[in-house]
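Asker: Sharing a structure, written as structure tokens. Questions coming.
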Amino acid sequence: QNDLAVQKKKIEEVETWLKTHISQRQPKQGGSVLLLTGPPGCGKTATLQILARDLGLQVQEWTNPLSLDFTKEDLRNMFEHDSNFHTFPSQAQAALFQDFLLRANKYNKLQMLGESSENDKKLILVEDIPNQFYRDPGSLHEILRSFVRRSRCPLVFIISDNFCGDSSQRSLFPTEIVKELCIFNISFKPVAPTNMMKVLNRIAAAEATMNRENYTLDRTSLELLCRGCSGDIRSAINSLQFSSTKDCSLEKEFWSKKKKKSCTIKCEDAGVSKVRKKSKCDTSEDQEIQAIGGKDASIFLFHALGKIIYCKREAVPEAECSQLPAHLSEHQRDTLLIQPEDIVEKSHMSGSMFNLYLHQNYVDFFSDIDDVVRASEYLSTADVLCSNWSTRPVMESYSASVATRGVIHANTSRASAHQHGGMGFRPLHKPQWFLINKKYQENCIAAKSLFSSFCLPRECLQTELLPYLAMLANPMRNQAQIAFIQDVGRLPLKRHFGRLQLEALGDKDPGVLELSHGDGDPEGLACSQASSSDLPGSQPQPVAAQAPLEEEELRIEEYDSD
């Protein structure tokens, strides 16, 4: 355990869970499921293997099987003209996985030479999840329900975080399944640079004592290697091995370039704690230094927004700082420790979508109304840059730069490194735009379905026709049309509007990568003759056969919308 570069707290959490569900397990207690998540190369599998060995547990690991009974005749049958390509001779992976769980729970694994057979305690490890479950998560959920009821040993899933929108953890283990089956989730974090440096130093020292003909890297080279691996210790060790090979001419040239340039960016102390000094260097130099062994850095949306909103700065000595003229002194700021454009790029989101999240959350972190005014002006300017759809792909990066740097600069409570003003910690939320746009799309579909005989565009239906019908005493005889007119055709009568209940943004939520623009095809819904069966579930459905109603029953009353 001492050799692991993982946080001690995470190791203790996994160890406590294993002891609770194996050593202290009740006789009639069902199976339990543990979910380990985190970025690649942060020590999830290594931690579990080490703890299982220390606790004397057998690890039975599932690997996706390969089909060995696939013959030339089977291939010929698949490519016949009447073949639908759905007939495959091998057994479905879901059935094999379910059979594996049954056998692993019932029988012990084979004892190899030199292994002890005294301990029958075990756990089942699943790291390579069958692809079928990604297409049909419900089949995995049924298997897990059966496992939890009948199993006698714990089941551990290991899933690496995905920075894209298609999160494996969200699709395979939704919140309702996690609560129903009491799945315990332990989330690992990237390996800290200090821990990674200790591991690489230990490996380099061990290799040096073995008198192997390898090129020994100095401390500065190891620091650059750690910085380029983004917390992935597996990648760091592979890069160290590649960089230490003497006969690798490409690597020699790489490190020589690094050493020539490092003399210009060298800090007083070469410790990892001085990494921030490197932020002053040219970005192109940094990219060339990290050409080998480097890894594309990614940031979850939650942390990307936090870096922009909290905007940490570095104090600059007065001797090195260029002072602005007196009439511009209010714009004096300390040097930022981040590059906002890099943060947006590493979040894997478009500039307009990132601005949407920033616009939703920035107000809570300002304490001065004048700062809010300036920040809103910057956001408005950024919005104008993306207003033209033909130039939006080109202008999005400029728009994100104006929005992020404008919000950072406008917050005077964080103008210097010593100021940590503002409103302190506040939870982040997903944009209200999602709720409004969803309601708008549903209203468009419902309006065209209920009032298709008017042959008007969807905007005209909701802004011209429906408000007019709402003023009439007896406009329609369909109850669904009446309800929709009351909902859309009149403004709410409430004097004080409450804030919508927004969905909180989690630290690993990927966000939405693309905007679902409703104006992409402005006449799309208006041209399609939608039937009443196409109404969204949130809209009132029309009654198929409705008796003639009295006139007083059809009169639309004043409607107070919630």
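Asker: What share of all Cα pairs of the stretch 193-245, in percent, falls into each consecutive 5 Å distance bin?
Answerer: Pairs per bin, as whole percents: 4, 22, 37, 24, 10, 3, 0.
Asker: Mind checking the full-extension length gain between His303 and Arg53? Use 0.36 nm per residue of separation minus the Cα-Cα distance, one decimal, nm. Kindly include the intermediate steps, with their values, before the conclusion.
Answerer: Values: separation 250, 0.36 × 250 = 90.00 nm, distance 3.52 nm.
Fully extending the segment from His303 to Arg53 adds 86.5 nm.
Asker: Using θ = phi - 60° and the Karplus curve 6.51 cos²θ - 1.76 cosθ + 1.60, what whole-Hz ³J(HN,Hα) does each residue of the stretch 45-59 get, with Gly and Pro shown as x?
Answerer: So the Karplus estimates, Gly and Pro as x, are 5, 4, 4, 5, 5, 5, 5, 5, 5, 5, 8, x, 9, 7, 9 Hz.
Asker: In terms of the ratio Rg/(2.2 N^0.38 Å) built on C-alpha atoms, what value belongs to the stretch 306-406?
Answerer: Details: Rg = 15.0 Å, N = 101, 2.2 N^0.38 = 12.7 Å.
Relative to the 2.2 N^0.38 Å estimate, the stretch 306-406 comes out at 1.18.
Asker: Please go through the residue pairs Lys10/Lys438; Lys121/Lys198; Lys312/Lys438; Lys346/Lys438 and name each one whose alpha carbons sit more than 30 Å apart in this structure.
Answerer: Correct reply: Lys10/Lys438; Lys121/Lys198; Lys312/Lys438.
Asker: From the backbone phi of the stretch 462-470, what are the Karplus-calculated ³J(HN,Hα) couplings (6.51 cos²θ - 1.76 cosθ + 1.60, θ = phi - 60°) in whole Hz, Gly and Pro given as x?
Answerer: Once rounded to whole Hz, the list reads 8, 9, 10, 6, 5, x, 5, 5, 5.
Asker: List the residues whose amide H sits under 5 Å from the amide H of Gln58, counting only those 5 or more places along or on another chain, with H placed 1.01 Å from N in the peptide plane.
Answerer: Amide H neighbours of Gln58, under 5 Å, 5+ apart: Lys121, Lys122, Leu123.
Asker: May I pose another question? List the residues whose amide H sits under 5 Å from the amide H of Asn185, counting only those 5 or more places along or on another chain, with H placed 1.01 Å from N in the peptide plane.
Answerer: Residues meeting the amide H criterion: Leu35.
Asker: Moving on. Fully extended, how many nm does the chain gain between Tyr310 and Glu180 (0.36 nm per residue separation, minus their Cα-Cα distance)?
Answerer: Residue separation times 0.36 nm, minus the Cα-Cα distance, leaves 43.1 nm.
Asker: Here is a follow-up. Once the other residues with Cβ under 11 Å from the Cβ of Ala92 are scored (Lys, Arg +1; Asp, Glu -1), what is the net sum?
Answerer: -2
Asker: Between Phe434 and Glu320, what length in nm is gained on full extension when 0.36 nm per residue of separation is reduced by their alpha carbon distance?
Answerer: Values: separation 114, 0.36 × 114 = 41.04 nm, distance 4.63 nm.
Full extension from Phe434 to Glu320 adds 36.4 nm.
Asker: Still on this structure: Which three semi-axes in whole Å describe the equivalent ellipsoid of the stretch 434-489, each the square root of 5 times a Cα gyration tensor eigenvalue, listed largest first?
Answerer: Each semi-axis is √(5λ); the values are 18, 12, 11 Å.
Asker: Under 19 Å from the 7 Å Cα→Cβ point of Arg234, by amide nitrogen: which residues of the stretch 172-190?
Answerer: From the stretch 172-190, the list is 186-190.
Readers should treat all values here as calculations from the given coordinates under stated rules, not as data from a laboratory. If you're wondering where the values come from, they're calculated on a predicted model, not measured in any experiment. Because the Cβ atoms are built from the backbone with ideal geometry, glycine has one as well, and the counts that use them run over all protein chains shown.
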